[in-house]
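Report on the structure given below.
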Amino acid sequence: MGADGSYIPPMLIFPRVRSKPELIDGGPPGNRADIHPSGWIQTDLFLKWFDKFVTFSRASKTHTILLLLDGYSTHTKSLELIDKARDAGRWCYIALLPTSLPHKLQPLDVAFMKPLSLYYSDEVKRWLREHAKENRVVTQFQIASLLGKAYLKASCMTTAISGFRETGIWPVDANIFQERDFLASAATDIDLNVSVTANQPNISNSVSPVEPDVLIPNIQTISLPTVHQEIINPSVETNDNSTLSLTQHDSPGCSHWPAGAEKPVRKEFFALSPEEILPIPKSNKTTARISKRRGKTALLTESLYKNELLAANICSTPKSVKRSLSLGPKTKN
């Protein structure tokens with residue numbers, strides 16, 4: 001979907017070996033179906049989808065398109081895709097989003113996928129109730145028609161526009177995320193400067209799970225800030241001509257003290273945050289996990305990314321090894 005509220009017809013991938021035209025009966029308008037034994041997107045299938053995308057988006061020199069993709073390997077490691085985008089006259093740019101934040105940065109995941117899933121589940125339940133007497137189940141030949149009804153309900157302009165607005169992509173909002181959005185990663189923050197000594201156990205080889213140490217401070221030994229607040233009001237005369245000195249405290253307790261007292265009673269309380277009582281548990285790992293399949297945030301149509309991809313493909317190409325084939329023991333003539 002686009003930031004202007006438009007939708008591109010989807011492509012359905014079925015886990016099959018042979019394709020049949022009945023697979024797209026009743027599907028969303030303009031959709032197409034492809035097959036692969038795994039049922040997942042492949043590089044050749046994505047190139048077919050990209051050709052349809054160029055035609056549908058009407059990209060031209062006066063109408064430049066920015067295509068945002070996730071870091072899946074079929075998108076990030078395809079030289080043919082980069083060449084197609086570059087050979088088109090640099091009117092179609094392809095950018096990759098961070099792979100670890102799809103629930104925050106991908107407009108489809110933020111605004112579209114959940115309504116589509118709910119509508120599709122409702123259509124499946126309705127179809128099963130209508131065919132309950134026949135004991136029928138949903139097969140691959142009913143998926144397109146059920147998805148078509150759910151897709152028409154979910155693909156509204158407000159959903160697409162709000163998806164790009166909530167992620168801060170369009171209109172551009174660099175301050176869309178607050179500090180509380182990053183609090184979930186506080187438990188896995190790793191200090192890479194910490195070196196593991198010989199006395200520390202090897203975490204990777206340990207079989208039993210390691211429980212994080214939770215430190216509970218002892219209030220008796222820790223010096224905590226004490227807040228003293230007291231406001232002494234002027235004396236108030238009552239009907240029986242007796243004078244009372246009124247003292248207000250923020251802490252719970254009696255606020256009226258009799259006159260003639262030598263000094264008002266002082267109320268004390270501790271200013272303690274919940275994090276000091278129960279700190280966030282920290283991970284014991286000291287090395288970051290490196291994923292070889294994960295892509296990085298980059299602009300695919302730039303020459304720098306293409307050169308890096310070419311160098312990586314050259315290094316990963318296996319070298320041919322010549323082996324001699326002997327049919328028997330060697331004999332001397």
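When residues of segment 170-185 are filtered for being under 15 Å from the mean Cα position of the chain (by Cα) and surrounded by 10 or more Cβ atoms within 10 Å (Cβ to Cβ), how many remain?
Within segment 170-185, residues that are under 15 Å from the mean Cα position of the chain (by Cα) and surrounded by 10 or more Cβ atoms within 10 Å (Cβ to Cβ) number 5.
Just checking, which of 114, 133 is in a helix (DSSP H, G or I) and free of Cβ contacts under 8 Å to residues at least 24 places away in the same chain?
Result: 114 is the single residue among 114, 133 that is in a helix (DSSP H, G or I) and free of Cβ contacts under 8 Å to residues at least 24 places away in the same chain.
Which of the following residues is exposed (fewer than 15 other Cβ atoms within 10 Å of the Cβ) and touching a residue at least 40 places away in the same chain (Cβ under 8 Å): 19, 73?
Just one listed residue meets the conditions, 73.
Among the residues of segment 38-61, is any surrounded by 13 or more Cβ atoms within 10 Å (Cβ to Cβ), at pLDDT 90 or above and assigned to a strand (DSSP E or B)?
No, every residue in segment 38-61 fails to be surrounded by 13 or more Cβ atoms within 10 Å (Cβ to Cβ), at pLDDT 90 or above and assigned to a strand (DSSP E or B).
Of the conditions (1) over 28 Å from the mean Cα position of the chain (by Cα); (2) modelled with pLDDT of 95 or more, residue 112 fails just one. Which one is it?
(1)
Given the conditions (1) open to solvent by less than 100 Å² (accessible area, probe 1.4 Å); (2) not in a helix (DSSP H, G or I), report the number of the one that residue 121 does not fulfil.
With respect to (1) open to solvent by less than 100 Å² (accessible area, probe 1.4 Å); (2) not in a helix (DSSP H, G or I), residue 121 is out only on (2).
Could you go through segment 62-74 and let me know if any residue there is modelled with pLDDT under 85 and touching a strand residue (DSSP E or B) at 6+ places or on another chain (Cβ under 6 Å).
Scanning segment 62-74 turns up at least one residue that is modelled with pLDDT under 85 and touching a strand residue (DSSP E or B) at 6+ places or on another chain (Cβ under 6 Å).
The values are calculated or read from the model by the stated rules, or taken from the named source; none is laboratory data. This structure is a prediction, so every number in the text was calculated from the model and none was measured. Note: ideal-geometry Cβ built from the backbone for every residue, glycine included; neighbour counts use all protein chains shown. With ligands, DNA and RNA removed, areas are computed over all heavy atoms of the protein, side chains included. Shrake-Rupley method; radii C 1.70, N 1.55, O 1.52, S 1.80 Å.
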